[in-house]
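First comes the structure, then the notes that go with it.
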Amino acid sequence: MRKLLICLGLSLFCSTAFSQNKIDSLENLVAHSGSDSLKLIWYDQLRRIATYTDPEKAVGYINKRMDIFRSQGNMRKVNVMKVYLGNIYYTLSQPDKALGFFISAEKYFSGSKNKKDQLLLGNIYNGMAAAHETSGNDTITLKYFTKSYEQFKTVGDARRMGIALNNIANIYVRRKDYPEAVRLIEEGLGLLGKTKMPEYKILLSSNLAGALKEQGDYQKSDSILLDIIPHINKEENAYGFMAAQKNYGENQLLQGNFERAIIYLEKAKQIAVEQNFTIFREEIHHLLYLAYKANKQAEKALSALYDYTVDKDSVYALEKDRNLTEAMQKYESEKREKELAQTQLALKTQSLQKKNFLIISVAAGLLALVSLWFLYFKSKTNRVLKTQKETIENALREKEVLLKEIHHRVKNNLQVISSLLNLQSRSIIDEQAKAAIKEGQNRVKSMGLIHQSLYQTDIANGMEIGDYIGQLGKSLFDSYNIKEDKIKFAINAAPLRLDVDTLIPIGLILNELLSNALKHAFPDGREGEIKVNFEKKENALLLQVKDNGVGMSITNPDKNKNSFGMQLIKAFSKKLNANMEVVEKNGTLVNVFVREYKLL
């Protein structure tokens, strides 16, 4: 469950009353002003307006102010501008850039005793936590949200303490510790009760309703949401309005009130799309898919499922996670380099003292100096080699994780395609069309089995062909509703591990051969046996599929030799530089000799 995140230092509530005329007049004032002091005022007003109407333009106004402060030597204000930039880039769904600015500002304000600086430091910790939250790293997120709360507690700011407790509660919601989440939000509402900030109370109340819903207390959750929805101004508080509508819609879905759920979820979706609330679109589309499906509105369910898939499998998410990790690694690297420099300085001082002592000892000192230099050089070389080895090992581990993630995403996408085909087949009356859809599903599943296995096992070792043949056979037997006591399935496969580029075309060829045997070799419920043999012969791989059925000449007349399945076999045989021969004797024997392949 996703919860609303209140990013401190940048109000979530804005009025749309500012017109383009206001922006034009302010830009005109800047253009005709010769005073930097006045320009700073005009740029700040432009920044406040553009933050909500055109965030990318707001970045330009902030940079203009930063340039003026830098020319004046006012580095405190320069770093305040970095906090503004971090908040803007967070709202633009660019957490990597946001984190870079927050880290830079944190270095400047850390250690300051000034109350305003301490308050700003709490905002920075909150922003760093928000950026990490988008990557799913709850441990680091909780660390910085807690630092934010402690910082505000030191300053005595009840409003920001309440908001920080709400943000900490979000982590416990994801960990499914709902009683702790409810306790934290209620404590936060208590702190906000001491302030005149109704808009934040609405947001925390919405989050409290969400936590109660996850806890199963739908009645209390509905009561809170119905109480706050009439008090939310849609124009001024888009986040709060969307969250309340989404949470109430989800409650109705869980209670089986599907039509009412759809009404509220569609309202939430409209705002999420209009305001480009990327974080929430995926969740709302998924809830709409479940609601339409339960309400038997198949076409709208498919549309919602497609939107959900597009949001979930965005390539930008992978790049975002990678950039965010690199930014944090850079920060940690700079800290290590600073510590290393201090250590090296201490070593250099000790070395000079030793050299002075050795000069007095003349020959003995020279010998000792040479010995120490040799040991130092050897130690330094070993450290360099160790560091290089660790770097290479880390890079290999990261590559394997990324490859597994890619196979996982491919497998998920293939499952979505299979589900879409399954949904489509339910509305098709024509049996030939249904059979074609089923064959398409089986082909998709044959590829999905490979990516699932590579995601779950060691990618570098590939996949053993015998395991894959067994999984594929079971999948096809289940698909055609054939029991193994009716048609026996025997496998004789050498312990060979194949590269994915070899395994996929072989798997599709095997899928077509097995499907053909199961459909045509044993008509009228006849019993029989299918044998699959796979081995390496000289410079080729041999795939054999044999059945003791009625034979291809009886079940497959010449007109079927150019079927789509046979065209697939020919296409993938060409890719593998493979030859296929068919022998009809006591059934059908198909031999496929593969000459272009890669073993692991």
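Here are a few things to note about the model shown:
- The set of residues from region 474-490 being closer than 17 Å to Ala435 by Cβ and of a type in the set (D, E, K, R) comprises just one member, Asp478.
- Residue within region 373-382 that is assigned to a helix (DSSP H, G or I), exposed (fewer than 10 other Cβ atoms within 10 Å of the Cβ), of a type outside the set (Phe, Trp, Tyr) and modelled with pLDDT of 75 or more present: no
A quick yes/no check of all residues on (1) modelled with pLDDT of 55 or more; (2) touching a strand residue (DSSP E or B) at 6+ places or on another chain (Cβ under 7 Å); (3) aliphatic (A, V, I, L, M); (4) more than 26 Å from Ser419 (Cβ to Cβ):
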| residue | (1), (2), (3), (4) |
| --- | --- |
| Arg281 | yes, no, no, no |
| Glu337 | yes, no, no, yes |
| Ala341 | yes, no, yes, yes |
| Gln353 | yes, no, no, yes |
| Ile359 | yes, no, yes, yes |
| Val362 | yes, no, yes, yes |
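- Region 85-129, residues that are within 13 Å of Val59 (Cβ to Cβ) and part of a loop (DSSP other than H, G, I, E, B): Leu92, Gln94
- Flag: Ile168 matches the condition of being of a type outside the set (Lys, Arg), modelled with pLDDT of 90 or more and part of a helix (DSSP H, G or I).
- Just one residue in the set Tyr89, Tyr84, Tyr61, Tyr125 is touching a Ser or Thr at 6+ places or on another chain (Cβ under 6 Å) and among the hydroxyl-bearing types (Ser, Thr, Tyr); that residue is Tyr125.
- Test for Phe13: is it over 33 Å from the mean Cα position of the chain (by Cα), among the hydrophobic types (A, V, I, L, M, F, W, C) and modelled with pLDDT under 70: no
- Filter pass, Lys330 being assigned to a helix (DSSP H, G or I), at pLDDT 90 or above and either under 30 Å from Ser427 (Cβ atoms) or out of contact with any Lys or Arg (no Cβ under 8 Å at 6 or more places or on another chain) (or both): no
- Any pair with Cβ under 7 angstrom, 6 or more apart, that starts in region 58-84 at a residue that is farther than 15 Å from Lys116 by Cβ and ends at one that is buried (at least 17 other Cβ atoms within 10 Å of the Cβ) and polar (S, T, N, Q): Ala58/Thr51; Lys82/Ser104
Results for (1) over 28 Å from Lys296 (Cα atoms); (2) part of a helix (DSSP H, G or I), shown as yes or no for each residue.
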| residue | (1), (2) |
| --- | --- |
| Ile228 | yes, yes |
| Lys234 | yes, no |
| Gly249 | no, yes |
| Ala261 | no, yes |
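- Selection from region 458-478 of residues that are under 20 Å from Asn413 (Cβ atoms) and either polar (S, T, N, Q) or at pLDDT 75 or above (or both): Met463, Tyr468, Gln471, Leu472, Ser475
- Scan region 479-527 for residues that are surrounded by 12 or more Cβ atoms within 10 Å (Cβ to Cβ), free of Cβ contacts under 8 Å to residues at least 40 places away in the same chain, charged (D, E, K, R) and part of a helix (DSSP H, G or I) and the total you get is 1.
- Hits in region 175-205 - residues which are at pLDDT below 85 and either in a helix (DSSP H, G or I) or of a type in the set (Phe, Trp, Tyr) (or both): Leu192, Pro198, Glu199, Tyr200, Lys201, Ile202, Leu203
- Selection from region 139-160 of residues that are over 20 Å from Pro198 (Cα atoms), more than 32 Å from the chain's Cα centre (by Cα) and without any contact (Cβ under 8 Å) to a residue 12 or more places away in the chain: Lys153
- Lys320 at pLDDT below 65, assigned to a helix (DSSP H, G or I), surrounded by 12 or more Cβ atoms within 10 Å (Cβ to Cβ) and in contact with a Ser or Thr (Cβ under 9 Å, 6 or more places away or on another chain): yes
- Qualifying positions in region 516-533 - of a type in the set (S, T, N, Q) and over 17 Å from Phe564 (Cα atoms): Asn533
- The residues listed here are Asn237, Asn295, Asn247; of these, the one that is in contact with a Gly (Cβ under 9 Å, 6 or more places away or on another chain) and of a type outside the set (Gly, Ala, Ser) is Asn247.
- Filter result (crowded, with 19+ Cβ neighbours inside 10 Å, hydroxyl-bearing (Ser, Thr, Tyr) and over 24 Å from Lys213 (Cα atoms)) within region 141-185: Tyr144, Ser148, Tyr149
- Residue satisfying all of: in region 161-208; in contact (Cβ under 8 Å) with a residue 40 or more places away in the chain and more than 22 Å from His132 (Cα to Cα); nearest to the chain's Cα centre (by Cα) among these: Ser206
The values are calculated or read from the model by the stated rules, or taken from the named source; none is laboratory data. Small disclaimer: the values here were computed from a predicted structure and weren't measured. For neighbour counting, all protein chains shown are included, and Cβ atoms are generated from backbone atoms with ideal geometry for every residue, glycine included.
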